[in-house]
Amino acid sequence: RNNKLYCTDAKGSIVLRKAILNMLNMEIGLSAELDNICILRGSQMGLFLAARLLIEENDSIVVEQLSSPIVRETFKNCGANLLYVAHNESGILLESLEKLCINHPVRAIYVTPHHQMPTGAVMSIDNRKGLLKLAQRYNFVIIEDGSGSEFSYTKDNLRPLIQLDKSGRVIYISSFSKILASGFRVGYMVAPTTVIKHCASDITLIDRQGNALLEHAVAELLESGEIKRHITKSIKIYQARKTHLTHLIESELAEFCTLSSSNSGLGLWIDLAPHIQTDLILKDAEKQKLKLYYINQYSEHCQVSGLRLGFAHLNLDEITLAVEYLKNTFMYQSAIVLRA
Ligand SMILES: Cc1ncc(COP(=O)(O)O)c(C=O)c1O
């Protein structure tokens, strides 16, 4: 009816682009035009399109020392030479990044400022401003992944880089995967018009246009306020799960690990004590009925001595059980160390 499902614009349906811009304006004070946004099938697609647009063979792209394996693979697939920058609880070590920029012509950096993936560190406002200054000084692009940035447990949710940026160097990608479900393949990119134009051309080659039916449905959920209400409700539930997991880590696992503080996101990071060997944990955990993912995949060039514990998909009882299994795993390893 009214040709609503006849979408000819590779940038995606106008109703959804308008609804998302409206949401970004209300939530983070971002004012952008319709030509600054295109609809994607999730942030991963945006990452791939940005990588394809930016990277020529052997261009240097910076990622954090600990980072998502799929992100690194996407850049490598497009021919990037990956460089790694150290990071701490406030964000990226800017001096280290500057050194990289002096030694290599850095094309872009990928970051998740609201919740470092995987440690959960929130990039401080000074770190954000410092990163933007370096981007201007050394002429590189910032790919900001805002997926899940809605889940902040403090009042002072910091403004994203795209909102602070004055020089058009930030490509912001996000999606509804963490708000609704990853099966809703709807995401978006906000960027300068030239970037959006290029991405729209690539989208035409991939699938001509987006999924008009789904896009209209998500637009309706946004416009009716349903998504906003759902986020508010989810944050309360996730906050309770996070608090529960925090208490259990502190009371049950203190001798095996230390918890990194985080005020956002859907997971907590623990640094493991030296006697816990990450490379043995997977097998030991399986013996304790615990399935762990991604260990050691967060870094290719250094041993990772920590774990990311996702809590959003577990209720309080399940979290208690998971911590019990994890404790058994750690105790099993400790017993082996004592016997050795
Ligand atoms: C850092 C990060 N960005 C984005 C996503 C979501 O990707 P998509 O929007 O393609 O589902 C995930 C998924 O867990 C993620 O960990």
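Filtered by the rule that a residue be within 15 Å of the ligand (Cβ to nearest atom) and out of contact with any helix residue (DSSP H, G or I) (no Cβ under 9 Å at 6 or more places or on another chain), the stretch 181-206 gives ALA181, SER182, GLY183.
Condition check for LYS133 on (1) at pLDDT 95 or above; (2) crowded, with 22+ Cβ neighbours inside 10 Å: one failure, at (2). Open to solvent by less than 50 Å² (accessible area, probe 1.4 Å), farther than 17 Å from VAL323 by Cβ, at pLDDT 80 or above and assigned to a helix (DSSP H, G or I): does that describe ILE237? For ILE237, the condition - open to solvent by less than 50 Å² (accessible area, probe 1.4 Å), farther than 17 Å from VAL323 by Cβ, at pLDDT 80 or above and assigned to a helix (DSSP H, G or I) - is not met. In the set VAL323, VAL304, only one residue is closer than 27 Å to ILE237 by Cβ and of a type in the set (A, V, I, L, M); that residue is VAL323. Just one of the listed residues (GLU64, GLU98) is of a type in the set (D, E, K, R) and within 25 Å of GLN297 (Cα to Cα), namely GLU64. For the stretch 3-26, a residue qualifies if it is in contact with a Lys or Arg (Cβ under 9 Å, 6 or more places away or on another chain), in contact (Cβ under 8 Å) with a residue 24 or more places away in the chain and assigned to a helix (DSSP H, G or I), and the qualifying residues are VAL15, ARG17, MET23.
The residues in the stretch 8-26 that are open to solvent by 60 Å² or more (accessible area, probe 1.4 Å) and farther than 10 Å from HIS216 by Cα can be counted, and the count is 5.
The residue of the stretch 1-32 that is farthest from MET45 (Cα to Cα), among those that are modelled with pLDDT of 90 or more and basic (Lys, Arg), is LYS18.
Residue count for the stretch 160-174 satisfying the condition of being open to solvent by 40 Å² or more (accessible area, probe 1.4 Å) and either farther than 18 Å from LEU49 by Cα or of a type in the set (Gly, Ala, Ser) (or both): 3. Among residues of the stretch 160-177 being among the β-branched types (Val, Ile, Thr) and touching a residue at least 60 places away in the same chain (Cβ under 8 Å), the one that is farthest from ARG241 (Cα to Cα) is ILE171.
Per the listing LYS178, LYS242, the residue uniquely within 16 Å of the ligand (Cβ to nearest atom), among the basic types (Lys, Arg) and surrounded by 19 or more Cβ atoms within 10 Å (Cβ to Cβ) is LYS178. Considering each residue of the stretch 150-159 in turn, at least one proves to be open to solvent by less than 40 Å² (accessible area, probe 1.4 Å), touching a residue at least 60 places away in the same chain (Cβ under 8 Å) and in a strand (DSSP E or B).
The values are calculated or read from the model by the stated rules, or taken from the named source; none is laboratory data. Keep in mind that what you see is a predicted model, and the values were worked out from it rather than measured. Because the Cβ atoms are built from the backbone with ideal geometry, glycine has one as well, and the counts that use them run over all protein chains shown. In case anyone asks, the SASA skips ligands and DNA or RNA and just uses the protein heavy atoms, side chains included. Shrake-Rupley method; radii C 1.70, N 1.55, O 1.52, S 1.80 Å.
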